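A.B. asks: For reference, the structure I am asking about is given below.
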Amino acid sequence: MKRLSLLDACFLNMESVETPMHVGVLLTFKLPAKAGPDYLSQLVARLRGYPVSRPPFNHVLAQGLLARLAPAWEITQDVDLDYHLRHSALPRPGGERELGVLISRLHSHPLDLSRPPWECHVIEGLENQRFAIYFKGHHAAVDGMGGLRILKSWLSEDLALLNQPPPWAMPLPVSVRLPSQGPLAPFQQWLARARSQLLAVPELYRSLARAAQEYPNGSISALFKAPHSTLNANIGGQRRFATQSLRLSRFKKLAESSGASVNDIVLAVVGGALRRYLLELEALPRLSLVSMVPVALRPQRGRVGGNSMSGLIVDLETQLADPTERLSAINTSTLAGKRHVQRMSRAALAQYSLLLMAPLTLGQITRSATRLPPLFNLIVSNVQASKQKLYFDGAELDGMFPLSVLFRGQALNVTVLGYADALTFSFTACRNAVPSVQRLAVHAGDALNELEQALGITDTSALRVVSIHSAPRTRKRFAAATDGP
């Protein structure tokens, strides 16, 4: 039995019909050149032949009074793979719109928490000789980076590698230790965690005091500074999904020209896209929108599943019309935030993350989120999947699109993923609260164009939209950044 961390338990407790707490990923593949008409039927049949033997796919929530007070995962041998692995087909013509409608619907449905909390959908009928696979898993069981690590261990850089087992049957890395099943194991795990957290309290206090001077967005006084916006309305359980794929080299060129990081460019593009979108709706707040930017921590040795992350609070500077001023301000804020986080131990970071999550969690559980000032307006994540092309069973992975969770009072989530030579912007939105989310996907490309023009980089011919459903300024260089993309 493995007790959930406090952060994992927060995600579990926030589960509701309006806020299903699962993350997902859509993978699109090119069919192998010699694939016959029954290729996908045979593939699904082969995948069903593997046992579910790897955590977190064989983890189920423990039952009983103690488990309700302190949730825990336990290993189950009774996994109904016919339930978890599903084969679907798109209606003709099987274009991006039809795929987007299906994925939006699949991502809207909560997971069955009486079973291992994951699903895998193999989807055929996609135009241009392609097919798709959509995974989703509960955020209490795996975070975005953990899910990507599992996917990368499953996919291969070798086109010729065939008959790969599915993720739920992959062998565990040798460094992973399964949780002890002894009678005293739960108490020993709780005692070790409590001791670590207690020792980190003085460090957390010093870090918060230091943040007031060095990183104001990370201090207690910065809580609830985000303005009210249309993005922080009541939400329902139905989702919309839109994406835009942009060439990574454009971001690298901007980073080299400005001295900012690729991640700073991404945040500036998101800020610019949101400014355009809210101006169209006549709903742009006077103060800047505030984003939570998750920061993945190095996973603990032997750990599998769960969440290993902290976060930075970053103003997206949506009140600024000048894209270079927006980028400069974001660059200054993220550098200060990264220095702040890097000086903290893992235990102190865990407490810091819980401190950031506490008002959000309380608002979700008490349903008071929309009656309080928002802690932040949206979450913007940026993760690197693979710099190399990946394959599965002879099929080339040509697109990877992450989907994320929404909280009460948080109607939009933006996740940016790097794969091969592209950055994919994925927008997960409440169907009711965020109208025409595909406009945000288009505006991401517009914001990138605007930033290139402002910095004197005018080659915008590489824009490629994969959407589902000003005058030139003087070039300037920002303070040199020491962090990478």
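A.B. asks: Picking from Ser53, Ser41, Ser5, which residue would you name as being surrounded by fewer than 16 Cβ atoms within 10 Å (Cβ to Cβ) and among the hydroxyl-bearing types (Ser, Thr, Tyr)?
C.D. replies: Within the list Ser53, Ser41, Ser5, the selection yields Ser41.
A.B. asks: Which of the strands (runs of 3 or more DSSP E) found entirely inside segment 376-420 contain at least 2 residues meeting this: farther than 18 Å from Phe224 by Cα, of a type in the set (D, E, K, R) and over 11 Å from the mean Cα position of the chain (by Cα)?
C.D. replies: 395-403
A.B. asks: Can you pull out every residue in segment 163-178 that is out of contact with any strand residue (DSSP E or B) (no Cβ under 9 Å at 6 or more places or on another chain) and at pLDDT below 90?
C.D. replies: Pro171, Leu172, Pro173, Val174, Ser175, Val176, Arg177
A.B. asks: Now for a separate question. Is it true that some residue in segment 121-128 is under 18 Å from Leu4 (Cα atoms) and either crowded, with 21+ Cβ neighbours inside 10 Å or among the hydrophobic types (A, V, I, L, M, F, W, C) (or both)? So that I can check it myself, show each step before the final result.
C.D. replies: Initial filter on segment 121-128 (under 18 Å from Leu4 (Cα atoms)): none.
No, there is no match, as no residue in segment 121-128 is under 18 Å from Leu4 (Cα atoms) and either crowded, with 21+ Cβ neighbours inside 10 Å or among the hydrophobic types (A, V, I, L, M, F, W, C) (or both).
A.B. asks: A further question on this structure: Being surrounded by 20 or more Cβ atoms within 10 Å (Cβ to Cβ) and hydroxyl-bearing (Ser, Thr, Tyr) is the filter here; which residues of segment 376-410 pass it?
C.D. replies: Across segment 376-410, the qualifying residues are Ser381, Tyr391, Ser404.
A.B. asks: Just one of the numbered conditions (1) modelled with pLDDT of 90 or more; (2) crowded, with 23+ Cβ neighbours inside 10 Å; (3) assigned to a helix (DSSP H, G or I) is not true of Gln364; which one?
C.D. replies: Result: Gln364 fails condition (1) only.
The values are calculated or read from the model by the stated rules, or taken from the named source; none is laboratory data. Here the structure is a predicted model, which is why all the values come from computation and not from measurement. Note that each Cβ is placed from the backbone with ideal geometry, even for glycine, and that neighbours are counted across all protein chains shown.
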